[in-house]
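Below is one structure; the comments refer to it alone.
The values are calculated or read from the model by the stated rules, or taken from the named source; none is laboratory data. Since we're looking at a predicted model, the values are computed, not measured. All Cβ positions, even for glycine, are placed from backbone atoms using ideal geometry, and neighbour counts span all protein chains on display. We work out accessible area using only protein heavy atoms, side chains counted, and drop any ligands, DNA or RNA first. Shrake-Rupley method; radii C 1.70, N 1.55, O 1.52, S 1.80 Å.
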Amino acid sequence: SQKGKYPERLAFYNMGLERDLHRKITLNEALKGALERNEFRLMYQPIVDATGQVVSFEALMRWRYQEKEISPVEFIPLMEQSGRIVQTGHWVLEEACKTLAQMNKHNAGICMCVNISLIQFYDKGFVNNVNRLIERYAIPGHLLHLEVTESIFQSDQMMINQKVSQLQQRGVKFSVDDFGTGYSSLSVIQNMNIDYIKIDRSFIQNIELKGLSIVQAMMNISRSLNFSVIAEGVETDKQRQLLEECGIPFMQGYYFSRPLERQNALVYLDQALESPPVVNGL
Ligand code: C2E
Ligand code: MG
Ligand code: MG
Ligand code: MG
């Protein structure tokens, strides 16, 4: 064996790399028929306004493979590399639109946020596919929010701009997810006609330290550039309070609710609509 030739640490390092590679290959293989085998499902995490009332849900993908939940952080990049994200992403959009239609059967005006990968957005049929879903499920366009990351704006700005504005003409809203973690944050929001930014969880986690001034700065920019702000990853009442003091209009995080199974999200919504939160002074 080669073992003796390597310094101990290097050998461990190589073993780690090999394990990672092996896992990737295994998961990739398993992802091939995952959609057909119904191994994917969506969970829905509420987003609330400044009064605590639920205004929308974010659809989050889950994959159950060999009795375990694999995180989307791991399997989404694999599906991007294989191109499988295009077909699966369409399934996500359709599932989310079905749930959205059901949530609005009494015209509650609830929105649905769907994460869209760059690869999916690049696909020629993307705009048409979204339009067809909106029609099939009779969804007012403005209730559908597409979440994209900053990286989407780094290449082929003309094409991206065109697709964004075609969908915006149908009322569809765009959010920049994980805002502040990419390379181009400020130029992106200056050049693009964005409706929301979602302040990345890392700034919220750090809000009792330096995060506060960054959140305040983002709020100031949002006022002058005319987009709205959602804080993601709010976990404590202290964080919520500081965000409220900054004037953040929308929040999402474990403090309000974890992502919920579809049926539980529908129940959650029914209860929220029946008894809206009591706000001091109102
Ligand atoms: P994201 O879009 O930024 O979604 C937020 C993530 O933070 C979710 O993780 C959510 O469960 C988690 N989260 C929410 N509140 C809290 C909190 O208070 N504390 C903490 N620690 N985490 C919180 P999840 O569901 O594991 O998804 C991870 C990422 O995978 C998403 O980040 C998104 O980038 C991607 N993703 C998920 N579903 C889809 C999908 O259908 N399509 C695409 N293209 N990407 C997806
Ligand atoms: Mg998101
Ligand atoms: Mg995010
Ligand atoms: Mg994220």
- line: Note to self: with every protein chain in place and a 1.4 Å probe, the range 103-147 gives an accessible area per residue in Å² of 46 Å²
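Only bridges whose two residues both fall in the chain count here: according to DSSP, what percent of them are antiparallel, nearest 5? Kindly include the intermediate steps, with their values, before the conclusion.
Numbers: 16 of 38 bridges.
Around 40 percent antiparallel, to the nearest 5.
Keeping every protein chain present and rolling a 1.4 Å probe, give me the accessible area per residue for the range 157-266 in Å².
Values: 5590 Å² over 110 residues.
Accessible area per residue: 51 Å².
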Where GluC sites (Glu not before Pro) fall in DSSP loop in the range 138-242, at most 12 other Cβ within 10 Å: Glu208
statement: Taking Lys and Arg as +1 and Asp and Glu as -1, residues besides Ser175 with C-beta under 9 Å from its C-beta add up to -1
statement: Restricting to Cα pairs under 8 Å and 6 or more apart, the percent relative contact order of the chain works out to 18 percent
query: Once amide H atoms are built 1.01 Å from N in the peptide plane, which residues 5 or more positions from Cys111, or in another chain, come under 5 Å H to H?
result: Ser56, Phe57
field: Pairs of lysines in the chain (C-alpha under 20 Å apart; 8 or more residues apart or interchain)
entry: 11
query: Percent relative contact order of the range 60-134, based on C-alpha pairs within less than 8 angstrom and at least six residues apart?
result: 31 percent
query: Tell me, what % of the accessible area of the range 8-143 is carbon and sulfur with a 1.4 angstrom probe?
result: 53 percent
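What are the chymotrypsin sites (Phe, Trp or Tyr not before Pro) within the range 168-233 that DSSP puts in a loop, where the Cβ has at most 10 other Cβ atoms within 10 Å? Display every interim value, and only then the final one.
On the way: sites: Phe174, Phe179, Tyr183, Tyr196, Phe203, Phe227; in loops: Tyr183, Phe227.
Here the sparse-neighbourhood loop sites are Tyr183.
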query: Going out from 0 in 5 Å bins, what whole percent of all Cα-Cα distances in the range 198-282 drops into each bin?
result: 3, 13, 21, 21, 16, 14, 9, 2
- prompt: Applying the Karplus parametrisation 6.51 cos²θ - 1.76 cosθ + 1.60 with θ = phi - 60° to the phi angles of the range 139-150, what ³J(HN,Hα) value in whole Hz is obtained for each residue in order, glycine and proline being reported as x?
  reply: 9, x, x, 5, 7, 9, 10, 9, 9, 10, 9, 4
- prompt: Amide H of Glu261: which non-local residues (sequence gap of 5 or more, or other chain) have their own amide H closer than 5 Å, using H built in the peptide plane?
  reply: Tyr44
message: Residues of the range 56-88 with backbone nitrogen within less than 14 Å of a virtual label 7 Å along the Cα-to-Cβ line of Thr181, please, listed as ranges.
response: 72-77
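Exposed loop sites here are trypsin sites (Lys or Arg not before Pro) in DSSP loop states with at most 12 other C-beta atoms within 10 Å. What is the longest stretch of the chain lacking them? Present the calculation step by step, with values, prior to reporting the outcome.
Numbers: sites that count: Lys32, Arg37, Lys105, Lys124, Lys210.
It works out to 125-209.
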statement: Filtering GluC sites (Glu not before Pro) in the range 45-139 by DSSP loop and by at most 15 other Cβ atoms within 10 Å leaves Glu67
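Taking Rh as the Kirkwood radius computed over C-alpha pairs, what is the Stokes-Einstein D of the range 161-240 at 37 °C in a medium of viscosity 0.692 mPa s, expressed in µm² per second? Please list the in-between numbers first.
On the way: Rh = 13.3 Å.
Diffusion coefficient, whole number: 247 µm²/s.
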- prompt: Just for the Cα atoms in the range 136-282, what are the lengths along the principal axes, largest first, rounded to whole Å?
  reply: 45, 45, 29
task: With a bin width of 10 angstrom, please list the P(r) values of the chain as percents of all Cα-Cα pairs, from the 0 bin to the one holding the largest distance.
output: 6, 26, 32, 24, 9, 3, 1, 0
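Determine the gain in length on full extension of the stretch Lys238-Asn206; use 0.36 nm per residue of separation and subtract their C-alpha separation, reporting nm with one decimal.
Values: separation 32, 0.36 × 32 = 11.52 nm, distance 1.16 nm.
Taking Lys238 through Asn206 to full extension adds about 10.4 nm, to one decimal.
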- prompt: Amide H to amide H, which residues 5 or more places from Thr149 or on other chains are under 5 Å from it, using H placed in the peptide plane?
  reply: Asp177
query: Considering only protein heavy atoms and a 1.4 Å probe, what is the carbon-and-sulfur percentage of the accessible area of the range 223-272?
result: 45 percent
